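The values are calculated or read from the model by the stated rules, or taken from the named source; none is laboratory data. Here the structure is a predicted model, which means the values were calculated and not measured. Note that we place each Cβ from the backbone using ideal geometry, even for glycine, and neighbour counts take in every protein chain shown. The protein model used for the area step is the full one, side chains on, heavy atoms only, and it has no ligands, DNA or RNA in it. Shrake-Rupley method; radii C 1.70, N 1.55, O 1.52, S 1.80 Å.
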Amino acid sequence: MRAAIEVSKELDVALLTKVYPSRSHSGAAQGGIAAALGNSESDSWEEHMYDTVKGGDFLNDQDAVEEYVKSAPRIIYELEHMGCVFSRTPEGKIAQRSFGGHSKPRACFSADRTGHAILHALHEQLMKQSKTIKIYNEWYMHSLITEGNRCNGVVVSDIRTGAVEVMHAKAVIFCTGGYGRVFKITTNAFASTADGVMAAFDAGVPMEDPEFVQFHPSGLYRQGILFSEAARGEGGYLLNGKGERFMEKYAPSRMELAPRDIVARAEQSEIDEGRGVNGEDYIHLDLRHLGEARIMERLPQIRQLGIDFISVDCVKDPLPIQPTAHYSMGGIPTNKFGQVIVDGEGTKMEGFFAAGECACVSVHGANRLGTNSLLDATVFGERSGKSALEYAKTVDFAKVNEGREKTKVLKLFEDIFQRDGTESYNQIRDEMKVEMMKNCGVFRDDEKLKVCIDNIKKLQSRFKNGKVTDKGKLFNTEIYEIIELGNMLRVAEIIAVAALARNESRGGHYRTDFPKRDDVDFLKHTLVHGSEEGLELKYKPVVITKHQPAERTY
Amino acid sequence: MATFKIKRYNPEKQAEPYFEDFDLDIPDGATLLDCINLIKWTQDGSLTYRMSCRSAICGSCAVKANGHAVLACQKQAVSLVKDGAVQIEPLGNMKPIKDLVVDFAPFWDKINKVKPYLQTEDTPPQKERTQSPEEFRLIDDTSTCIMCGACYSDCNVLEVDDNFLGPAALAKAQRFVGDSRDSKTLERVTELSEPGGIWDCTHCGECVERCPKPAEPFYRIKEIMTVALEQGVHNNNGARHALSFTKSIKHSGRLNENMIPVESMGYFNFKGLIELIPIGLRMLLKRKIPPIIHKSIDDVQDVKRIFKELDQ
């Protein structure tokens, strides 16, 4: 939406979503959006940059990080001017709280629903700009239309009618989110299914750093639903089954506010070593000492989620939590202007841009800090919008062979409708999620990953032997779920293959057989390409400007 | 084991909706959405509904359970089972498309009508506009709205009057009426006082009951009413009705039912007053006319004292 607003300043935009704009998963972001405003303590973009690079275990491209953190304050002020609702300091400034991995209180927030506040503020702007921004609600994007290294549009279908259409475009921007749904325990929405990254992949764009998946430390036990890091930012404790604040052992100086990868691994270690609560695979998030008043002011949604989903009132009892797949650091490779690139040399896919979680700039490196994702979505939303606008003004619509493009998608539908197999798609989806959680999760090793790849491949072939119940065209959600599952099975393999090749531990990727970071061999970005023979791995160097890799302790 | 009685509708196959029963063992801690998903994934793949975040923030999965709108992902399924069954239907006041999916177009059209964006006249400052924590609190509740349509579904006014903006759009309007940064307060409350706006709400409170968030539209509508009256937007039936009501109670401790309709129409609204005559005559024939001489209640002094304290 931020990108659309930018483009609409001069050109017409079609905004296509498989849900509604206000239902996008950015709305689930709770704790905040980072910017060195210095509203409660002095702060600077330099500190924000260092925290981000250190948090990302030095895999971030530092030229991009610098511009990103420098734009942060302006982006926040713009959101505020648009009408975004923020919690305030007594002087009326935007309030800021502490967050994991940030050395200063830098998270601007709207109680514990910051993503929701930003999402709705942007949606309000779309409604204001309805003359130049046309919204296509409940349309699904199937594939990119490309000719050589130029993108000319997308093939889409209307979920409501099943009609397949070609959308010509001078420029296409993907803001299609992450793919946490490949894991059993995840904070992600059902809609976070890799549609965008796989459409790009099919058009010859590699996938960058897919092995880096962030596990959030506080997912509701069994459900994975997010309990914001803000709960720890406000002073919440993590306790193991013995009632110990175990973070003392893992990150003595930052304790509960160490970066997410470190906290999630600490939790998993406690659980694996039998110190979960009641010996089960969860630990406790204890907020009781904050008191009801502060919880109601700063964390009201968290309290309600606990009551609704697990009948625990965090004012009275600790919340049961476990690590949950949360964020994809990897994605469609772009440069710092949101322009998609197709190789290690920076070759552009003309007319194709990406921003947000689906993209990999890479500003987050191997691990994203909390509150940096809303910032990513807005900063690079704006940047990709600007780039797309400038590009679109210089080109004409290209010729598109509509028939050929449509046929590809119609064939996909036809193929799924025709299948008369015995496999249950639901069963395949469940097995994939368990497999990824077990063998490609918080702790990985060579053996587990090989098993994982093998099993995912088996699931891919079983997938071809399913059967659809709903053969109608009208609002057929079943067929879209199957298409999404197809995408997820492919991205699952890409994640595992990249993870198997990275023989080191860095940020969100932890190999028990290679527990150390290896800057000699692996201070580089992975690029997974598709080819006739299967997946092909290439690498590209990390851009290092100000901060040489150093040991990462908290 | 519980029976989910789900209203099915697929105009591609059959013109009329019907109920279908699905039996399911409700897993421990499962929400209604979890159960509907299980039914789709293990019993009938064609069952159609919307859902996405399953954590009560995207607003996709509102449906009617046992006749009332709920957010499916927010309700523990067990809590909805009565006599071994729970009845699931699509949201009300919107046209069904297929099974539990309804057409949200009118809902969004009405949101659009309230100019749902901040309007300011000044050029923004270099940094943020300031807003005190107290001012933030005035828009805190309304900004929790997730546009799920639960209030719209169960609104009793919308059931009989399509023209009513409805609880969600009015709550969204309060988001800006109450925002200290917005400069169009008077224009907003003037427009919202027109037919179809705040005064068409019947104060039934159904939307407060149905709202899955603290947005609770009726309270927001009342807040707009207060601002409208404070801003002197009195030239409409709704405001005149509220003022006449207050005046009568303050004066005598009871409603002067003869005067309320007249004062609500306005003394110089001849067309409106003439329209009242047939109603008056019918009431007379049915002997429903209140006493011509309006008496005060015995303890009217107490009422006056309450008003005096409220004024202070």
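Of all residues in region A:2-21, which are closer than 29 Å to A:P217 by Cβ and crowded, with 24+ Cβ neighbours inside 10 Å? Give the steps one after another, and end with the answer.
Taking region A:2-21 and keeping what is closer than 29 Å to A:P217 by Cβ, we get A:2, A:19.
Residue satisfying the conditions is A:R2 alone.
For the list (1) part of a loop (DSSP other than H, G, I, E, B); (2) in contact with a helix residue (DSSP H, G or I) (Cβ under 6 Å, 6 or more places away or on another chain); (3) not β-branched (V, I, T), I need the number of the one condition that A:G385 fails.
(1)
Please state which of the following conditions A:G115 fails to meet, knowing it meets all the rest: (1) more than 14 Å from every other protein chain (Cβ to nearest Cβ); (2) touching a helix residue (DSSP H, G or I) at 6+ places or on another chain (Cβ under 9 Å); (3) not in a loop (DSSP other than H, G, I, E, B).
Of the numbered conditions (1) more than 14 Å from every other protein chain (Cβ to nearest Cβ); (2) touching a helix residue (DSSP H, G or I) at 6+ places or on another chain (Cβ under 9 Å); (3) not in a loop (DSSP other than H, G, I, E, B), the odd one out for A:G115 is (1).
Only one of these is within 14 Å of another protein chain (Cβ to nearest Cβ), assigned to a helix (DSSP H, G or I) and basic (K, R): B:R181, B:R188. Name it.
Residue meeting the stated conditions: B:R188.
On the given criteria, is B:S193 open to solvent by less than 30 Å² (accessible area, probe 1.4 Å), modelled with pLDDT of 95 or more and either out of contact with any helix residue (DSSP H, G or I) (no Cβ under 9 Å at 6 or more places or on another chain) or polar (S, T, N, Q) (or both)? So that I can check it myself, show each step before the final result.
Details: open to solvent by less than 30 Å² (accessible area, probe 1.4 Å): yes; modelled with pLDDT of 95 or more: yes; either out of contact with any helix residue (DSSP H, G or I) (no Cβ under 9 Å at 6 or more places or on another chain) or polar (S, T, N, Q) (or both): yes.
Judged against the criteria, B:S193 is a match.
Filter region A:483-520 down to the residues that are open to solvent by 40 Å² or more (accessible area, probe 1.4 Å) and under 29 Å from A:V156 (Cα atoms) and list them by number.
A:R490
With the checklist (1) part of a loop (DSSP other than H, G, I, E, B); (2) free of Cβ contacts under 8 Å to residues at least 24 places away in the same chain; (3) open to solvent by less than 30 Å² (accessible area, probe 1.4 Å) in hand, flag the one item A:G346 doesn't pass.
(3)
Answer with yes or no whether B:Q312 is surrounded by fewer than 13 Cβ atoms within 10 Å (Cβ to Cβ), of a type outside the set (K, R) and modelled with pLDDT of 90 or more. Before the answer, list the steps.
Values: surrounded by fewer than 13 Cβ atoms within 10 Å (Cβ to Cβ): yes; of a type outside the set (K, R): yes; modelled with pLDDT of 90 or more: no.
It is false that B:Q312 is surrounded by fewer than 13 Cβ atoms within 10 Å (Cβ to Cβ), of a type outside the set (K, R) and modelled with pLDDT of 90 or more.
Looking at region B:140-158, which of its residues are among the hydrophobic types (A, V, I, L, M, F, W, C) and in a loop (DSSP other than H, G, I, E, B)? Let's see the steps before the verdict.
Keep residues of region B:140-158 that are among the hydrophobic types (A, V, I, L, M, F, W, C), which gives B:145-148, B:150-151, B:155, B:157-158.
Matches in region B:140-158: B:C145, B:I146, B:M147, B:C148, B:C155.
Among residues belonging to region A:296-324 that are more than 9 Å from chain B (Cβ to nearest Cβ) and free of Cβ contacts under 8 Å to residues at least 12 places away in the same chain, point out the one that is most open to solvent (accessible area, probe 1.4 Å).
A:M296
Please enumerate the residues belonging to region B:249-288 that are under 24 Å from B:A239 (Cα atoms) and part of a loop (DSSP other than H, G, I, E, B). Break it down stepwise before answering.
Of the residues in region B:249-288, the ones under 24 Å from B:A239 (Cα atoms) are B:249-280.
Hits for region B:249-288 are B:G253, B:R254, B:L255, B:N256, B:E257, B:N258, B:G266, B:Y267, B:F268, B:N269.
Are any residues in region B:136-158 open to solvent by 20 Å² or more (accessible area, probe 1.4 Å) and either modelled with pLDDT under 95 or more than 11 Å from every other protein chain (Cβ to nearest Cβ) (or both), and if so, which ones?
Within region B:136-158, B:N156 is the sole residue that qualifies.
Please go through region A:521-536 and give me each residue that is surrounded by 15 or more Cβ atoms within 10 Å (Cβ to Cβ) and in a strand (DSSP E or B), ordered by number. Walk me through how you get there before you give the answer.
So the first thing to find is which residues in region A:521-536 are surrounded by 15 or more Cβ atoms within 10 Å (Cβ to Cβ), and the list is A:522-530, A:535.
Correct list: A:K524, A:H525, A:T526, A:L527, A:V528, A:H529, A:G530, A:L535.
Mind checking which residues of region A:213-255 are within 18 Å of A:P105 (Cβ to Cβ) and surrounded by 24 or more Cβ atoms within 10 Å (Cβ to Cβ)?
Result: A:S228, A:E229, A:A230, A:A231, A:R232, A:G233, A:G236.
Which numbered condition in (1) within 14 Å of another protein chain (Cβ to nearest Cβ); (2) buried (at least 17 other Cβ atoms within 10 Å of the Cβ); (3) out of contact with any Phe, Trp or Tyr (no Cβ under 8 Å at 6 or more places or on another chain); (4) not in a strand (DSSP E or B) is the only one that B:V70 fails?
All conditions pass for B:V70, except number (4).
Within region B:159-173, count every residue that is part of a helix (DSSP H, G or I) and open to solvent by 10 Å² or more (accessible area, probe 1.4 Å). Quick ask: steps written out before the conclusion?
Restricting attention to region B:159-173, the residues satisfying the condition of being part of a helix (DSSP H, G or I) are B:159-160, B:167-173.
From the residues that got through so far, the ones that are open to solvent by 10 Å² or more (accessible area, probe 1.4 Å) too are B:159-160, B:172.
Counting residues in region B:159-173 that are part of a helix (DSSP H, G or I) and open to solvent by 10 Å² or more (accessible area, probe 1.4 Å) gives 3.
Taking region B:117-131 as the search range and keeping residues that are at the interface with chain A (Cβ under 8 Å from one of its Cβ atoms) and free of Cβ contacts under 8 Å to residues at least 12 places away in the same chain, which one is surrounded by the most Cβ atoms within 10 Å (Cβ to Cβ)?
Residue satisfying both the conditions and the ranking: B:E128.
Among (1) small (G, A, S); (2) within 14 Å of chain A (Cβ to nearest Cβ); (3) more than 28 Å from the chain's Cα centre (by Cα), where does B:S60 come up short?
Of (1) small (G, A, S); (2) within 14 Å of chain A (Cβ to nearest Cβ); (3) more than 28 Å from the chain's Cα centre (by Cα), only one is false for B:S60: (3).
Among the residues that make up region A:485-493, is at least one of them in a helix (DSSP H, G or I), within 14 Å of chain B (Cβ to nearest Cβ) and at negative phi? Write out each step before concluding.
Residues of region A:485-493 that are in a helix (DSSP H, G or I), as a first pass: A:485-493.
With within 14 Å of chain B (Cβ to nearest Cβ) added as a condition, the list becomes A:485.
Among the residues that remain, those that are also at negative phi are: A:485.
Yes, that holds for at least one residue.
Output the residue which, of all residues in region B:86-107 that are open to solvent by 20 Å² or more (accessible area, probe 1.4 Å) and touching a residue at least 12 places away in the same chain (Cβ under 8 Å), is farthest from the other protein chains (Cβ to nearest Cβ).
Going residue by residue through region B:86-107, those that are open to solvent by 20 Å² or more (accessible area, probe 1.4 Å) are B:87, B:89, B:93, B:95-96, B:103, B:105-106.
After this cut, where a residue has to be touching a residue at least 12 places away in the same chain (Cβ under 8 Å) as well, the list is B:87, B:89, B:93, B:96, B:106.
On the way: B:Q87: 21, B:E89: 16, B:N93: 18, B:P96: 10, B:P106: 13 Å.
Ranking the candidates gives B:Q87 first.
I'd like the residue in region B:25-57 that is free of Cβ contacts under 8 Å to residues at least 12 places away in the same chain, at the interface with chain A (Cβ under 7 Å from one of its Cβ atoms) and buried (at least 20 other Cβ atoms within 10 Å of the Cβ) and, out of all such residues, is nearest to A:Y179 (Cα to Cα). I'd like the intermediate steps shown before the answer.
Step one: filter region B:25-57 for residues free of Cβ contacts under 8 Å to residues at least 12 places away in the same chain, giving B:27-28, B:40-42, B:45, B:52.
Subset that is at the interface with chain A (Cβ under 7 Å from one of its Cβ atoms): B:41-42, B:45, B:52.
Filter once more, keeping what is buried (at least 20 other Cβ atoms within 10 Å of the Cβ): B:45, B:52.
On the way: B:G45: 23, B:S52: 13 Å.
Filtering region B:25-57 for residues that are free of Cβ contacts under 8 Å to residues at least 12 places away in the same chain, at the interface with chain A (Cβ under 7 Å from one of its Cβ atoms) and buried (at least 20 other Cβ atoms within 10 Å of the Cβ), the one nearest to A:Y179 (Cα to Cα) comes out as B:S52.
Specify which of the listed residues (B:E216, B:E223) is among the acidic types (D, E), in the same structural domain as B:C145 (by TED's automatic domain parsing) and on the phi > 0 side of the Ramachandran plot. Explain how you work it out, then say what you get.
Working: B:E223 fails: on the phi > 0 side of the Ramachandran plot.
The conditions single out B:E216.
Could you tell me whether A:M437 is under 23 Å from A:R181 (Cβ atoms), out of contact with any His (no Cβ under 9 Å at 6 or more places or on another chain), more than 14 Å from chain B (Cβ to nearest Cβ) and in contact (Cβ under 8 Å) with a residue 60 or more places away in the chain?
On the way: under 23 Å from A:R181 (Cβ atoms): yes; out of contact with any His (no Cβ under 9 Å at 6 or more places or on another chain): yes; more than 14 Å from chain B (Cβ to nearest Cβ): yes; in contact (Cβ under 8 Å) with a residue 60 or more places away in the chain: yes.
Taking the combined requirement at face value, the residue satisfies it.
Among the residues of region A:28-46, are any surrounded by 20 or more Cβ atoms within 10 Å (Cβ to Cβ), of a type in the set (G, A, S) and touching a His at 6+ places or on another chain (Cβ under 7 Å)?
yes
Among B:K75, B:K7, B:K13, which is the only one that is more than 14 Å from chain A (Cβ to nearest Cβ) and basic (K, R)?
Working: B:K75 fails: more than 14 Å from chain A (Cβ to nearest Cβ); B:K13 fails: more than 14 Å from chain A (Cβ to nearest Cβ).
Sole residue among the options that is more than 14 Å from chain A (Cβ to nearest Cβ) and basic (K, R): B:K7.
Quick one: A:T469 ticks every box in (1) at the interface with another protein chain (Cβ under 8 Å from one of its Cβ atoms); (2) buried (at least 20 other Cβ atoms within 10 Å of the Cβ); (3) farther than 21 Å from A:M141 by Cα bar one, so which box is it?
Status for A:T469: all satisfied but (2).
Quick check: anything in region A:173-188 within 20 Å of the chain's Cα centre (by Cα) and surrounded by fewer than 21 Cβ atoms within 10 Å (Cβ to Cβ)? Before you say what the answer is, go through the steps one by one.
Start the filter on region A:173-188 by keeping residues that are within 20 Å of the chain's Cα centre (by Cα), which leaves A:173-188.
Retained after the next criterion (residues that are surrounded by fewer than 21 Cβ atoms within 10 Å (Cβ to Cβ)): A:184.
Checking region A:173-188: at least one residue is within 20 Å of the chain's Cα centre (by Cα) and surrounded by fewer than 21 Cβ atoms within 10 Å (Cβ to Cβ).
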